[in-house]
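The values are calculated or read from the model by the stated rules, or taken from the named source; none is laboratory data. From a predicted model like this one, the values you see are computed outputs, not experimental measurements. Cβ placement follows ideal geometry from the backbone for every residue including glycine, while neighbour counts extend to all protein chains displayed. With ligands, DNA and RNA removed, areas are computed over all heavy atoms of the protein, side chains included. Shrake-Rupley method; radii C 1.70, N 1.55, O 1.52, S 1.80 Å.
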Amino acid sequence: MFPGHQSFLAGTVKKSLDLLHEYVFQGHMICFMFRDHHSFIAGTVKITRSSAQICLSRSLNLQHWYVFKSPDLLHGFVFQDHTICCMFPYHQSFIADVERRRRRRQRRWWTRPWLSPERRRSFGLYDQLMTELRREDRQSFVHFLRMPTEMFDEILQRVGPRIAKQNTFYRNPLEPGLNLAITLRHLASGAKYPSMQYGLRVPHNTISVFIPEVCQAIIDEYVDGVMPFPSTMDDWKRIAEGFMEKWNFPHALGALDGKHVAYKCPPGSGSTYFNYKKFYSIVLLALVDSDYKFICADIGGRGAASDAQLWNASDLKSAIEDGDLDLPDAEPLPHDTEDIPYFYI
C-alpha cells in the first residue's frame with residue numbers, strides 16, 4: 001500500500017483472481033498490485049486506450065526487479081506479504097515503447113555466410129596462415145603471437161581442457177586452439193574485436209565472450225607456478241639476496257610500481273578514472289623481484305587515485321600491517337652494526 005498524499009485522486013478497483021487494486025494518480029501514474037499464491041504464474045495488465053499488454057513474471061526472492069529496462073518503469077518492489085507492486089507512467093510514449101519491444105526484428109542471416117565454419121577452415125587465419133607460419137617461418141609465428149610454437153602448444157595443452165566446450169546437436173563449438181590463438185593475438189596486438197573478426201572469421205560478439213574466459217583460464221592454470229607468493233621468511237630473504245647480487249641493493253624485498261591501463265570510462269563514474277596523463281584508466285599495482293618476475297599484483301585501482309591512495313587500499317599493505325607475511329627481522333647492512341628493517345623500493 002502507498003501513503004495518501006495530495007496527488008492521489010481516485011481509485012478504480014478491478015476484482016479478479018490476481019489483480020486486486022488499480023490506483024490512478026494525478027501525475028499519470030498507475031499502480032498495479034498482485035497477490036502471490038500457488039495458482040499465480042504471471043499477471044497481465046491491459047492498458048486502456050490501447051491493446052498493449054504487459055506481462056509480469058518474476059520470482060519473489062528479489063528485492064527490486066524491472067520489467068522494461070527503460071526510464072518508463074520507475075519501481076518494482078516485492079513486499080514481505082508477497083505482494084508485487086509496479087509503477088510506470090501512463091502516456092503515449094510508454095505505449096509506443098511497449099509496442100516497439102513486442103515487434104521482433106527479422107534476422108537477415110542466422111550466421112553470415114563468410115563466418116561459417118566451412119569458410120573459416122578454408123580461409124581463416126588460424127587454419128591457413130598459422131599453419132603456414134608454423135611449417136615455413138617460425139620467426140613470423142613468434143611475431144604474430146609473441147611466443148614460439150612450443151610455448152603455444154604447451155599453453156594449449158594445459159589450458160585447453162578448461163576452455164573446451166561440449167558438442168551439442170545445436171551447433172559445434174569453436175575449438176580451444178582457435179580461442180587461445182584469438183586471445184593471444186588480441187593481447188599481443190591490442191586489435192579490436194570487430195577488426196579481428198574479418199581475418200579470423202569469428203563474430204566479434206563471440207570473441208567478446210570467450211576472451212575473458214580464456215584469460216581467466218590461463219590465470220587459474222599458471223598463477224601458482226608462475227607467480228608464487230613468498231610464504232616464509234626464507235623466501236623473502238632469497239628475494240633480498242637477488243637484489244643484492246644483481247643490483248647491489250641490500251634489504252630490498254621487491255620493487256613496487258603502478259601502471260595505468262587504458263580503460264573505457266564506466267557510466268556514472270565522473271572523473272574518478274581520469275588520470276593525470278589525460279585518459280581513463282585502471283591501475284595495475286605490481287611487486288616484482290630482481291629478475292622482473294611478478295611477486296603479487298593488485299588490479300582495479302581508479303586512475304585518478306594517487307600512489308598513496310592505491311597503496312593504502314592494497315591487500316599487500318593490509319597483510320604487512322596485520323603481520324601475515326612473515327617478513328625478515330631487521331638486520332645490519334653490509335659493513336655496519338645498526339639494525340635496518342627490510343623494505344620495498
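Based on Cβ point charges of +1 for Lys and Arg and -1 for Asp and Glu, what charge dipole magnitude is obtained for the stretch 228-340 about its Cα centre, in debye rounded to the nearest 20?
Dipole size: approximately 1180 debye.
Please calculate the 1.4 Å probe accessible area of Tyr292, with all protein chains present, and give it to the nearest 10 Å².
150
Around Val226, under 15 Å between beta carbons, what's the net of Lys plus Arg minus Asp minus Glu among the other residues?
On the way: positive: Arg158, Lys293; negative: Glu154, Asp220, Glu221, Asp224, Asp289, Asp291.
Here the charged neighbours net out to -4.
Which sequence of Val142, Val226 reflects their accessible areas, 1.4 Å probe, from the largest down? Walk me through the intermediate numbers first.
On the way: Val142 45, Val226 100 Å².
Largest accessible area first, the list is Val226, Val142.
Mind giving me the nanometre distance, one decimal, between the label points for Lys278 and Gln157, set 7 Å out from Cα along Cα→Cβ?
Label at Lys278, label at Gln157, 5.0 nm between them.
Compute the Cα gyration tensor for the stretch 210-316, then decide on rounded, prolate or oblate, letting a ≥ b ≥ c be the square roots of its eigenvalues: rounded whenever a/c is under 1.5, prolate when a/b is larger than b/c in the other cases, and oblate in all that remain. List each step's numbers first, then the result.
Values: a/c = 2.69, a/b = 1.55, b/c = 1.73.
Note, shape of the stretch 210-316 comes out oblate.
Rounded to the nearest 0.05, what FRET efficiency do Ser195 and Ser269 give with R0 = 41 Å and r taken as the Cβ-Cβ distance? Could you check? List each step's numbers first, then the result.
Values: r = 27 Å, r/R0 = 0.65.
For R0 = 41 Å, the calculated efficiency reads 0.95.
I'd like to check one number: the per residue accessible area of the stretch 189-298, probe 1.4 Å, reported in Å² as a whole number. Display every interim value, and only then the final one.
Working: 6490 Å² over 110 residues.
For the stretch 189-298, the solvent-accessible area averages 59 Å² per residue.
Work from the charge dipole of the stretch 113-225 (Cβ charges, +1 for Lys and Arg, -1 for Asp and Glu, about the Cα centre) and give the residue of Pro117, Pro176, Thr149 farthest towards its positive end.
Looking along the dipole axis, the top candidate is Pro117.
If you stretched the chain out fully between Ser306 and Asn167, how much longer would it get, using 0.36 nm times the residue separation minus the C-alpha to C-alpha distance? Please list the in-between numbers first.
Numbers: separation 139, 0.36 × 139 = 50.04 nm, distance 4.88 nm.
Gain on extension, Ser306 to Asn167, equals 45.2 nm.
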